[in-house]
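Trainee: Take a look at the following structure, please.
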């Protein structure tokens, strides 16, 4: 008998059918991953299991018995614990307070027994082999540690089923391997671990089985020996995807449009000297903490510079604000599209023209509505943004991949000479990813210089003409992408400016 | 969810408001008859409306920016006192007006700077400005009225042009002007962006700080204009002018379609909101007679307006 | 990153920096005031100082809780006179003092409940809700009393204002008890700690099984009760009840809490200890006004300025703190 049986679960939000008749069997002592494009329904399914949403129809059976989860507490009672993508720790409280929130040991009058609380916390952490001071304020911990606190919070409730929703997006590689060790330990002790991820490599590494969802439907489950990347992708997308990446630049002799000489920003990056040529894609790879985004901020005028210089077309410039950078022809597509890139409550048209108000749209200081409409339609077509009549729809109502395309359109409309894109395909489904890649290459072919910051090696290798590797704020090396392998790039990323391990 | 696009910024909300206003007007006319729809009473209502119109328009800017300005009533009083005191001491009318408006802009700019550069919540910043200015009013006047104003100045507020009170002409003219530039002006559009997501606006090359300062300055400037209208109309400056006006302004703007979350607002709606609030106040006084309830009514209308605003925003915000 | 440890030390010192500076300022003020006037350290003056601010001090305790929960309660300056008026009117109807007090308190509690329910059902920010309620109450207070002051209570009632224990009057005794209770609860009792959680991350707290709505409901009720208590105490002190009691009190109360380091913009931060310091600070300042005979209008200007400074200071330390965090965490 399965530990968890999902039977005919369906869910709609308004007229949007998010899950259709999902039926899957999940066993104890396995790590079971879920993968699917954005909007496939994975997160929703997990939230239903975790009691945050309620299904419209269908049932859940735990060990053969039907269960109803109206709220997260019901789910806990059934032994289900969920660790969300967005951290839900109260960072103004201590580790101990967070782990035992609402379950603190108290005396008869309601006063908290601090000693016992702290001791219990230490015990829980020891169960997974970590030493911690229970009275540490959570906000002083790294993101990875905060996530561990959240996991311990869930584990301390003796869960039989642990759900992790995209747990690795904000973790360093070391933290990820610690997490995986932990998950394996849990698996040994019989816990069912449900793991949602976008990252094929991780899923192959850690899962016993993987289930694929597409457009709210359950496509199939693969055993460990069946997990071929191409198979999984095919199931996710419904078609074969070969030639994932468009061909590289034909020649590499464009002129240098942007150059930094020993650029430094205190405590962020040091001595970065980089030459960016027209018509090329420069990939910037590095581990978390390498300073790439900070470097990009300086190039974009969003942050200052403490040393060195930036030269645009041979002339030194001081970029005091993004506004100035845009005037100079530099654009920056933000890492976090929802927080710093898009205006989710405004319509697509307003978003597309947001960076071009000054010089493309203005006529006597007034906005040309017709032209805005025209430009928007053009990009909707070029980037294949769906639905195609979305010009007047709010960005919020689009899927992640389409939102990213709108963000890209905004920067294309600003007609930059140099475009920096920061994690351009994060949280984007495979279909849209492909499209964005081909657009970036087309841009480069038309003469624009692109700097692509990415943490996905395949993307870096697939798209870049040259790869700049950064580590802890220093530029380690710039490699020409001529038969470059992932191992070589990673090796450089781990070395500190020349040391050998 | 599709939004209907029209050439003039008239939203569905505005049409609803027009209907409501017409209904209220009709029903009360029937009940109270001549007392209500007489030219004197209506003229009265609209006369007092001119200040609210200006303040509410200013508040619309600030609400679009995602902020709030509680100091408008106090700015009105303070600028009124500055101008009347200058006039009382014999300063040239035009010069006094210019100085007064400059003070208004300065107050608004200070609000804007504190909100944008020092990251202080608009509520707190403008609350502090409000009490500072109000206190300053009393300090300057020691509670006395400022009188002795030249006739040329008083004519502004009390005069008629083509049979219509100057106050109404000036305030409506300003409102129409704002309404027109609002659809096309780049700076105004930027306020929507900044109100929606100030960080994204900055990274999109929009000068958030400048836009915010401009918005608050505009709001206080309009309060300054209202001060001119009020002091010339009453022929005096008083430290208690404008008390409680900020509530009516916020209520009117929110009823008109501005959202407390920022990123939304239009002047036609605001104007209709002002009319509705003024009508309700007038009706209440007619039935009850005690002006003490006026502030309470404003409070309740504000609550209702904001409630509907939030229900509407929440409906749209279902996560994807 | 190795830099993390250094930054944690920096952070720790900044958390207490606020209290250190505040305590320092208080001491400096006290010393300079006593040097300026030999009347400062007299019992009479200290009594005056305490009495000028005692109602705000009581309300500041509850307000701290409200602000930690992520909201604000502007209605207190309307609840105070409202409760006083109800209390007074009941006594004039020859209702026994204790009963009148309980009924009036119950009324204030109901206002607090209304504040919360309006916030919850209409989903409006508490700031706006309580402001509207305040306006309504102010109008009601005026309307009910027709602008006149209520007085003429029994002789027994007058005795209350004369009561002294160890030389301390009733309001002061009440404050001391409340301050101690609030302090102890805020550090050790599950109920108050849950306010910190709700203020820090309401959704996450709900996911952890906390009944966040219940927490907020009690926060607003208790805060209103404290304002009501202040109203009743005011009646005993002034032997009358007037719509003008507690005018602009909400500004002074919020300022005292803000000066004490509780953040108005980020919930889940703050402490009763800080509020006690902030209250003391404000009391000293207002006492210096009284001593130098500055008009009440100046006082309002001053409060406004103090509030801005307090918020700037607390936002400033926050910005500095966050900067060192970003370094500790690296880019994300």
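Trainee: Pairs please, first residue from the stretch A:324-341 and at the interface with chain B (Cβ under 9 Å from one of its Cβ atoms) and under 14 Å from residue B:201 (Cα atoms), second anywhere and surrounded by fewer than 16 Cβ atoms within 10 Å (Cβ to Cβ) and modelled with pLDDT under 90, Cβ atoms under 7 Å, 6+ apart in sequence or on different chains.
Mentor: Every condition considered, the pairs that remain are A:339/B:199; A:340/B:199.
Trainee: Go through the residues of the stretch C:192-203 one by one and say whether even a single one is more than 10 Å from chain A (Cβ to nearest Cβ) and either under 24 Å from residue A:52 (Cα atoms) or touching a residue at least 40 places away in the same chain (Cβ under 8 Å) (or both).
Mentor: Scanning the stretch C:192-203 turns up at least one residue that is more than 10 Å from chain A (Cβ to nearest Cβ) and either under 24 Å from residue A:52 (Cα atoms) or touching a residue at least 40 places away in the same chain (Cβ under 8 Å) (or both).
Residues checked against (1) within 22 Å of residue A:36 (Cβ to Cβ); (2) surrounded by fewer than 21 Cβ atoms within 10 Å (Cβ to Cβ):
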{"site": "A:368", "(1), (2)": "no, yes"}
{"site": "A:382", "(1), (2)": "no, yes"}
{"site": "A:388", "(1), (2)": "no, yes"}
{"site": "A:394", "(1), (2)": "no, yes"}
{"site": "A:403", "(1), (2)": "yes, no"}
{"site": "A:410", "(1), (2)": "no, no"}
{"site": "A:414", "(1), (2)": "no, no"}
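Trainee: Select from the stretch A:313-351 the residues that are out of contact with any helix residue (DSSP H, G or I) (no Cβ under 8 Å at 6 or more places or on another chain) and assigned to a strand (DSSP E or B) and list them in ascending order.
Mentor: A:315, A:316, A:317
Trainee: When you check residue A:296 against the structure, is it in a loop (DSSP other than H, G, I, E, B), touching a strand residue (DSSP E or B) at 6+ places or on another chain (Cβ under 9 Å) and within 14 Å of chain C (Cβ to nearest Cβ), yes or no?
Mentor: Spelling it out, it is not the case that residue A:296 is in a loop (DSSP other than H, G, I, E, B), touching a strand residue (DSSP E or B) at 6+ places or on another chain (Cβ under 9 Å) and within 14 Å of chain C (Cβ to nearest Cβ).
Trainee: Quick check on the stretch A:257-265. Is at least one of its residues within 14 Å of chain C (Cβ to nearest Cβ) and out of contact with any helix residue (DSSP H, G or I) (no Cβ under 6 Å at 6 or more places or on another chain)?
Mentor: The answer is no, given that none of the residues of the stretch A:257-265 is within 14 Å of chain C (Cβ to nearest Cβ) and out of contact with any helix residue (DSSP H, G or I) (no Cβ under 6 Å at 6 or more places or on another chain).
Trainee: Let me confirm something: among C:159, C:187, which residue is surrounded by fewer than 16 Cβ atoms within 10 Å (Cβ to Cβ), in a helix (DSSP H, G or I) and touching a helix residue (DSSP H, G or I) at 6+ places or on another chain (Cβ under 9 Å)?
Mentor: Exactly one residue qualifies, and that residue is C:187.
Trainee: It is to be established whether one or more residues within the stretch B:152-162 are in contact with a helix residue (DSSP H, G or I) (Cβ under 9 Å, 6 or more places away or on another chain) and within 14 Å of chain C (Cβ to nearest Cβ).
Mentor: no
Trainee: Looking at this structure, is residue C:261 within 16 Å of the chain's Cα centre (by Cα), crowded, with 22+ Cβ neighbours inside 10 Å, touching a residue at least 24 places away in the same chain (Cβ under 8 Å) and within 14 Å of chain A (Cβ to nearest Cβ)?
Mentor: The answer is yes for residue C:261.
Trainee: Going residue by residue through the stretch A:393-413, is there one that turns out to be out of contact with any helix residue (DSSP H, G or I) (no Cβ under 8 Å at 6 or more places or on another chain), modelled with pLDDT of 85 or more and more than 22 Å from residue A:350 (Cα to Cα)?
Mentor: There is no residue in the stretch A:393-413 that is out of contact with any helix residue (DSSP H, G or I) (no Cβ under 8 Å at 6 or more places or on another chain), modelled with pLDDT of 85 or more and more than 22 Å from residue A:350 (Cα to Cα).
Trainee: When you look at residue B:132, is it buried (at least 20 other Cβ atoms within 10 Å of the Cβ), free of Cβ contacts under 8 Å to residues at least 60 places away in the same chain and either in contact with a helix residue (DSSP H, G or I) (Cβ under 9 Å, 6 or more places away or on another chain) or farther than 19 Å from residue B:51 by Cα (or both), yes or no?
Mentor: Against the criterion (buried (at least 20 other Cβ atoms within 10 Å of the Cβ), free of Cβ contacts under 8 Å to residues at least 60 places away in the same chain and either in contact with a helix residue (DSSP H, G or I) (Cβ under 9 Å, 6 or more places away or on another chain) or farther than 19 Å from residue B:51 by Cα (or both)), residue B:132 qualifies.
Trainee: Which pairs do you get when a residue that is assigned by TED's automatic domain parsing to the domain that holds residue A:168, found in the stretch A:197-211, comes within reach of a residue that is part of a helix (DSSP H, G or I) and modelled with pLDDT under 85, reach meaning Cβ atoms under 8 angstrom, with the pair 6+ apart or on two chains?
Mentor: Short answer, once both residue conditions are applied: A:200/A:229; A:200/A:232; A:200/A:233; A:202/A:176; A:203/A:232; A:204/A:229; A:210/A:232.
Trainee: Looking at B:80, B:112, B:67, B:148 in this structure, which one is touching a helix residue (DSSP H, G or I) at 6+ places or on another chain (Cβ under 7 Å) and on the phi > 0 side of the Ramachandran plot?
Mentor: That would be B:148, the only listed residue that is touching a helix residue (DSSP H, G or I) at 6+ places or on another chain (Cβ under 7 Å) and on the phi > 0 side of the Ramachandran plot.
Trainee: Could you identify the single residue in A:215, A:135, A:131 that is closer than 22 Å to residue A:103 by Cα and touching a residue at least 24 places away in the same chain (Cβ under 8 Å)?
Mentor: The unique qualifying residue is A:135.
Trainee: Sort through A:9, A:62, A:24 and tell me the only one that's surrounded by fewer than 21 Cβ atoms within 10 Å (Cβ to Cβ) and over 17 Å from residue A:195 (Cβ atoms).
Mentor: Exactly one of A:9, A:62, A:24 is surrounded by fewer than 21 Cβ atoms within 10 Å (Cβ to Cβ) and over 17 Å from residue A:195 (Cβ atoms), namely A:62.
Trainee: Assuming residue B:81 fulfils every condition listed in (1) more than 30 Å from residue B:14 (Cα to Cα); (2) in contact with a strand residue (DSSP E or B) (Cβ under 7 Å, 6 or more places away or on another chain); (3) away from chain C (no Cβ under 14 Å) apart from one, which condition is it?
Mentor: Going through (1) more than 30 Å from residue B:14 (Cα to Cα); (2) in contact with a strand residue (DSSP E or B) (Cβ under 7 Å, 6 or more places away or on another chain); (3) away from chain C (no Cβ under 14 Å) one by one, residue B:81 breaks only (3).
Trainee: Residue C:152 is checked against (1) more than 14 Å from chain B (Cβ to nearest Cβ); (2) assigned to a loop (DSSP other than H, G, I, E, B); (3) without any contact (Cβ under 8 Å) to a residue 40 or more places away in the chain and fails just one. What number does that condition carry?
Mentor: (3)
Trainee: Quick check on the stretch A:185-195. Is at least one of its residues out of contact with any helix residue (DSSP H, G or I) (no Cβ under 9 Å at 6 or more places or on another chain) and in a loop (DSSP other than H, G, I, E, B)?
Mentor: Yes, that holds for at least one residue.
Trainee: I'd like the full set of residues that are touching a helix residue (DSSP H, G or I) at 6+ places or on another chain (Cβ under 8 Å), more than 8 Å from chain C (Cβ to nearest Cβ) and in a helix (DSSP H, G or I), limited to the stretch A:65-98.
Mentor: Residues satisfying the conditions are A:75, A:95, A:96, A:98.
Trainee: Out of A:45, A:19, I need the residue that is within 19 Å of residue A:236 (Cβ to Cβ), assigned to a helix (DSSP H, G or I) and modelled with pLDDT of 85 or more. Which one?
Mentor: A:45
Trainee: Looking only at residues that are more than 7 Å from chain C (Cβ to nearest Cβ) and more than 17 Å from residue C:127 (Cα to Cα) in the stretch B:115-128, which one is nearest to the chain's Cα centre (by Cα)?
Mentor: Applying the filter and picking the extreme gives B:115.
Trainee: Yes or no: residue B:106 assigned to a loop (DSSP other than H, G, I, E, B), away from chain C (no Cβ under 14 Å) and over 21 Å from residue B:262 (Cα atoms)?
Mentor: no
Trainee: May I pose another question? Those residues that are farther than 23 Å from residue A:42 by Cα, assigned to a loop (DSSP other than H, G, I, E, B), more than 10 Å from chain C (Cβ to nearest Cβ) and within 25 Å of the chain's Cα centre (by Cα), I need them from the stretch A:135-166; list them, please.
Mentor: None - no residue of the stretch A:135-166 is farther than 23 Å from residue A:42 by Cα, assigned to a loop (DSSP other than H, G, I, E, B), more than 10 Å from chain C (Cβ to nearest Cβ) and within 25 Å of the chain's Cα centre (by Cα), so the list stays empty.
Trainee: Which of the residues that make up the stretch B:135-144 are more than 7 Å from every other protein chain (Cβ to nearest Cβ) and either without any contact (Cβ under 8 Å) to a residue 60 or more places away in the chain or in contact with a strand residue (DSSP E or B) (Cβ under 7 Å, 6 or more places away or on another chain) (or both)?
Mentor: Within the stretch B:135-144, B:142, B:144 meet the criteria.
The values are calculated or read from the model by the stated rules, or taken from the named source; none is laboratory data. Since the structure is predicted, the reported quantities are computational estimates derived from the model, not experimental observations. Cβ: placed from backbone, ideal geometry, glycine included. Neighbour counts: every protein chain shown.
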